[in-house]
1. When residues of the range 56-67 are filtered for being in contact with a helix residue (DSSP H, G or I) (Cβ under 7 Å, 6 or more places away or on another chain) and farther than 19 Å from R103 by Cβ, how many remain?
2. Does any residue of the range 4-15 turn out to be at pLDDT 95 or above, within 15 Å of V106 (Cα to Cα) and either of a type in the set (S, T, Y) or in contact with a Phe, Trp or Tyr (Cβ under 7 Å, 6 or more places away or on another chain) (or both)?
3. Being at pLDDT 95 or above and within 18 Å of the chain's Cα centre (by Cα) is true for just one of L96, L74. Which residue is that?
4. Could you grab me the full set of residues in the range 58-113 that are assigned to a strand (DSSP E or B) and surrounded by 19 or more Cβ atoms within 10 Å (Cβ to Cβ)?
5. Being part of a helix (DSSP H, G or I) and under 16 Å from the mean Cα position of the chain (by Cα): is that true of L6 here?
6. Which of the following residues is farther than 14 Å from M100 by Cα and of a type in the set (A, V, I, L, M, F, W, C): L17, L37?
7. Regarding L50, is this residue touching a residue at least 60 places away in the same chain (Cβ under 8 Å) and under 20 Å from M100 (Cα atoms)?
8. For the range 15-30, what are the residues that are surrounded by 17 or more Cβ atoms within 10 Å (Cβ to Cβ) and either part of a helix (DSSP H, G or I) or touching a residue at least 40 places away in the same chain (Cβ under 8 Å) (or both)?
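The values are calculated or read from the model by the stated rules, or taken from the named source; none is laboratory data. Everything numeric in this text was worked out from a predicted model, so none of it was measured. Cβ placement follows ideal geometry from the backbone for every residue including glycine, while neighbour counts extend to all protein chains displayed.
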Amino acid sequence: METVQLAISNKAYATALRDLLARNPGWKILMADTPDLRLEGIIVVDSEALDRLPTSIAKPERIVLITQKDAPHLAKAWEAGIVSVVYDNEPVNTALLAVMAARLRVSKATRPDGSPKSSSAANNDKVDQDAQQNRSEQP
């Protein structure tokens, strides 16, 4: 079961996102003021929760930020390596898509045995796939 932590101060938005996520029985949804970075899984934060996180975040690809279109929070997200940003005036379905994208990024970054893939290992996988495709295309 995959964990999704929600640290969103807008309770109506947090509840709506929780309800959408709850439709997937494979997700364990936790509501928190400050997410526990030691837990595996996806973390959804707003600007307030982002301010409570350390400046250096391990695995920032698993974080989805819900924020206003303001430079300070976007800059902090950029510096932390966060790639999923949803504006707080967008529909909650957009946040759901961002959570699903983060989940895919995290699962691609790990090997089947659960250990992280190094970028060289990921590159080797791509080379292997290309070689197999080329062999199958040859007469």
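1. 1
2. Yes, there is a match, as at least one residue in the range 4-15 is at pLDDT 95 or above, within 15 Å of V106 (Cα to Cα) and either of a type in the set (S, T, Y) or in contact with a Phe, Trp or Tyr (Cβ under 7 Å, 6 or more places away or on another chain) (or both).
3. One residue alone meets the criteria, L96.
4. The answer is I63, V64, L65, I66, T67, S84, V86.
5. Taking the combined requirement at face value, the residue does not satisfy it.
6. Answer to the check: L37.
7. No.
8. Selection gives A16, L17, R18, L21.
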